[in-house]
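The values are calculated or read from the model by the stated rules, or taken from the named source; none is laboratory data. Only a predicted model underlies this, so the values are computations on that prediction, with no experimental measurement involved. Neighbour counts run over all protein chains shown; Cβ positions are idealised from the backbone, glycine included.
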Amino acid sequence: MHVPCDLSIAMSRILLAEDDDSLRGFLARALERAGHEVTACADGDEAVTHLEEAWDLLLTDIVMPGLDGIEVARQAAARHPGLRIMFITGFAAVALAAGEKAPAGAKVLSKPIHLREIVSEVERMIAA
């Protein structure tokens, strides 16, 4: 039986919040193919219902209906100190503001972004 060398990366749990249906699907599939367990949510309100569970990374869009990604991240960080947080956004001004309001250590990626780049960034954050 083959056992992966680095179980922390292979077995990581990711909470994904993205309101764009097609992007959410693409991201979830790409991350699952890379060996991650992904719970994909259509908005921030749905994402916060999963915050009682243990997560390795929160990957969230910033601009969404209902709770925005910043608020989801704040609630997640309050419940899980040390949780890794990554934002994705198509709005440059929002990305700059997010850097000021986001929990410490959060990373902001701007759309458009290649799926491989997101997967690489996720794996770098989880391994850190």
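Among the residues making up segment 19-77, those that are over 13 Å from the mean Cα position of the chain (by Cα) and among the polar types (S, T, N, Q) are S22, T49, Q75. If the Cβ limit is 9 Å and pairs must be 6+ apart or interchain, which residue in segment 74-93 that is under 13 Å from E52 (Cα atoms) pairs with which residue that is in a loop (DSSP other than H, G, I, E, B) and of a type in the set (D, E, K, R)? Pairs that qualify, where the first residue is under 13 Å from E52 (Cα atoms) and the partner is in a loop (DSSP other than H, G, I, E, B) and of a type in the set (D, E, K, R), are R79/E52; L83/D56. Here the condition is being out of contact with any Ser or Thr (no Cβ under 8 Å at 6 or more places or on another chain) and either in a helix (DSSP H, G or I) or of a type in the set (V, I, T) (or both); of V108, V119, it holds for V119 alone. Of the residues L23, L83, the single one that is under 19 Å from I126 (Cα atoms) and surrounded by 15 or more Cβ atoms within 10 Å (Cβ to Cβ) is L83. Listed by first and then second residue, the pairs with beta-carbon distance under 6 Å, at least 6 apart or on different chains, first residue in segment 12-30 and without any contact (Cβ under 8 Å) to a residue 40 or more places away in the chain, second assigned to a loop (DSSP other than H, G, I, E, B), are R24/E18. When you scan segment 87-99, do you find a residue that is touching a Phe, Trp or Tyr at 6+ places or on another chain (Cβ under 8 Å) and either of a type in the set (A, V, I, L, M, F, W, C) or modelled with pLDDT of 95 or more (or both), even just one? Within segment 87-99, one or more residues are touching a Phe, Trp or Tyr at 6+ places or on another chain (Cβ under 8 Å) and either of a type in the set (A, V, I, L, M, F, W, C) or modelled with pLDDT of 95 or more (or both). Here's a check for you: in segment 44-65, which residue that is closer than 15 Å to M86 by Cα and not hydrophobic (A, V, I, L, M, F, W, C) is surrounded by the most Cβ atoms within 10 Å (Cβ to Cβ)? Among residues in segment 44-65 that are closer than 15 Å to M86 by Cα and not hydrophobic (A, V, I, L, M, F, W, C), the one surrounded by the most Cβ atoms within 10 Å (Cβ to Cβ) is T60.
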